Ligand SMILES: CC(C)(COP(=O)(O)OP(=O)(O)OC[C@H]1O[C@@H](n2cnc3c(N)ncnc32)[C@H](O)[C@@H]1OP(=O)(O)O)[C@@H](O)C(=O)NCCC(=O)NCCS
């Protein structure tokens, strides 16, 4: 089916293949993956974009995390197939996830990524929010989905234990 749809279990390995293609080898060794291991992603915030032939052009997943006793959405991984980059698909996926998260009453969203890219979506450096090492603090970014949602939020980003 063409367009943007919620990821279903049958999509899992195809999306993993896209992430493997788009990220450096060993992506799962990144410390951010320790926050995701064994924890279900937020199903409504896992989206797959397919073209009219059914080929995946981009995908995004999100997980819940805790910081200082408060919940947040951890955005990512997000990736767009190398043949489709620069067409706005990445922006579409990110805006869509932010809007859906707001509709689902999430107050705040964060990620580890490049500020020059994510700044356009309203993400800013989160001072005092600490990802498991080794993570460059400059890459720890957040956006408020309701005014002031990051005010006073400090501490280590922790797993949501089920
Ligand atoms: C990052 C990514 C998701 C962006 O998707 P996309 O569909 O190509 O992005 P868009 O079309 O919405 O935006 C393209 C713009 O973003 C810029 N951009 C892309 N990646 C960037 C980065 N890491 N830093 C700064 N700018 C970046 C492009 O130069 C382009 O700029 P322009 O609008 O001035 O021409 C995609 O390039 C990708 O999958 N990269 C590999 C995986 C990855 O790095 N994921 C993000 C992890 S932090």
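Derivation of every value follows stated rules applied to the coordinates shown; laboratory data play no part. Note that the coordinates shown come from a computational prediction; the quantities given were computed from them, not determined experimentally. Here the Cβ is made from the backbone with ideal geometry for all residues, glycine too, and neighbour counts use every protein chain on show.
What does DSSP give for region 3-159 in terms of the percent of beta bridges that are antiparallel, rounded to the nearest 5?
Bridges in region 3-159 that DSSP calls antiparallel: roughly 85 percent.
Sorting check: for 127-136, 71-80, 140-149, which peptide has the highest mean count of neighbouring beta carbons within 10 Å, and how do the rest follow?
Result, highest mean Cβ count within 10 Å first: 71-80, 140-149, 127-136.
Would you mind getting me the FRET efficiency between residue 115 and residue 13? Use the beta-carbon distance for r and R0 = 45 Å, nearest 0.05.
For residue 115 and residue 13, the calculated efficiency is 0.90.
Grab every C-alpha pair in region 72-152, bin the distances at 5 angstrom width from 0 up to the longest one, and report whole percents.
Final binned percentages: 3, 15, 25, 25, 18, 10, 4, 1, 0.
With the contact rule set at Cα under 8 Å and sequence spacing of 6 or more, what percent relative contact order holds for the chain?
Relative contact order comes out at 23 percent.
Just to confirm my numbers, what's the Cα centroid distance between region 1-41 and region 45-77 in Å?
Each part reduced to its Cα centre gives a spacing of 8 Å.
So what's the chain giving for Rg/Rh, alpha carbon basis, Kirkwood Rh from the mean inverse pair distance?
We get a ratio of 0.94 for the chain.
Once you have the Kirkwood Rh of region 1-77 from its Cα pairs, apply Stokes-Einstein at 10 °C and 1.306 mPa s and quote D in µm²/s.
It comes out at roughly 119 µm²/s.
Restricting to Cα pairs below 8 Å that are 6+ residues apart, what does the relative contact order work out to for region 79-162? Please round to a whole percent.
Contact order relative to length: 29 percent.
Report, in degrees rounded to the nearest 10, the 0 to 90 angle that the Cα long axis of helix 89-103 makes with the longest principal axis of the chain.
Compared with the principal axis, the helix lies near 50 degrees.
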